[in-house]
Amino acid sequence: MKLFNKEYRAITIGLGVIIIAIIALGIYGYNRLESLSSRINGLSINVESLTNSVASTTSTLQTAINQTHSSLADALTAQQQNVGNIQQQLGGFQSQVGSLSGTLNNLQKLAQTDPELLKKYSKVYFLNENYVPVNLSEIPKAYQYSDSKQLLFLTQALPHLLAMIDAASSTGIKLYVESAYRSYFEQKALKGDYTMTYGAGTANSFSADQGYSEHQLGTAVDMLTPGLGGVLDDSFDGTKAFQWMLQNAYRYGFELSYPKNNGYYVYEPWHWRFVGVKLATELHDERKNFYDLDQRTIDTYLVNIFD
Ligand SMILES: [Zn+2]
């Protein structure tokens with residue numbers, strides 16, 4: 001029994017120690033858990049604030065990116081507009097250069113073109129007695145009505161005259177030049193002849209007073225066709241040659257200077273003047289007379305007279 005008691009006591013003490021140890025461990029463990037959980041709480045608060053901070057940073061960044069993007073897009077659009085404007089200005093500049101060089105070409109052409117060539121000369125308009133064309137060439141004898149004299153015509157207009165006569169010839173119409181360039185003094189002598197033959201009154205209505213004549217320009221011709229006895233008179237307008245010229249002379253730059261009932265000179269169906277294809281065509285198409293146009297309008301055709 002005593003032994004049992006001894007053993008019992010030892011066991012009880014042991015158990016007590018063990019229980020105390022367990023309790024102590026429990027308290028220690030509980031304390032540890034407590035502090036761990038509070039640390040975890042602290043950490044989770046940290047994580048939360050970090051998350052918030054990240055979110056706000058992200059939104060700040062996003063805003064910044066959006067703003068940058070939109071301002072970049074604006075800048076790009078502005079640059080594109082600038083490029084567009086510059087291209088437009090360049091285009092305008094190029095077209096200005098183009099029209100300037102066109103104007104220069106025309107000015108050069110005009111500077112080389114005798115302004116007298118499209119001036120009106122009749123009883124009303126006068127040509128200086130000293131005027132002589134810049135260059136004259138001989139009309140080939142085959143184109144002259146009579147080969148006894150030398151007929152001269154303005155060199156640059158001569159191809160047009162010959163082309164007109166060739167075109168008529170190709171349709172069976174015979175056209176010849178009876179008179180072309182006449183100097184002031186030839187014109188004076190011619191008038192003198194007429195005056196002696198017909199008397200002064202008739203001569204004034206027959207041949208232009210010296211200096212009034214388009215013949216001094218070198219661009220006027222008196223045309224003849226066979227069958228009229230070589231005489232320049234109104235009977236020319238009853239010929240096929242005259243009809244052909246009425247319908248076709250403009251294509252070669254010629255116009256009838258003094259048609260019937262004009263207010264500037266006597267009727268001369270045989271007398272034709274080179275004024276350039278453009279102006280002659282305009283006169284033909286609009287049924288107008290050279291002398292009825294005002295000089296300013298006529299002058300605008302000078303640059304194209306030999307085209
Ligand atoms: Zn004439």
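The values are calculated or read from the model by the stated rules, or taken from the named source; none is laboratory data. Given the structure is predicted, the values throughout are model-derived calculations rather than measurements. For neighbour counting, all protein chains shown are included, and Cβ atoms are generated from backbone atoms with ideal geometry for every residue, glycine included.
Descriptive notes on the structure:
- Candidates GLU268, GLU255: the one that is part of a loop (DSSP other than H, G, I, E, B), within 16 Å of the ligand (Cβ to nearest atom) and crowded, with 20+ Cβ neighbours inside 10 Å is GLU268.
- Here the condition is being modelled with pLDDT under 95 and within 15 Å of the ligand (Cβ to nearest atom); of ASP222, ASP233, it holds for ASP233 alone.
- Among the residues of the range 273-294, those that are at negative phi, at pLDDT 95 or above and not charged (D, E, K, R) comprise PHE274, VAL275, VAL277, LEU279, ALA280, THR281, LEU283, HIS284, ASN289, PHE290, LEU293.
- Residues of the range 124-158 satisfying the condition of being assigned to a helix (DSSP H, G or I) and surrounded by 13 or more Cβ atoms within 10 Å (Cβ to Cβ): TYR143, LEU158
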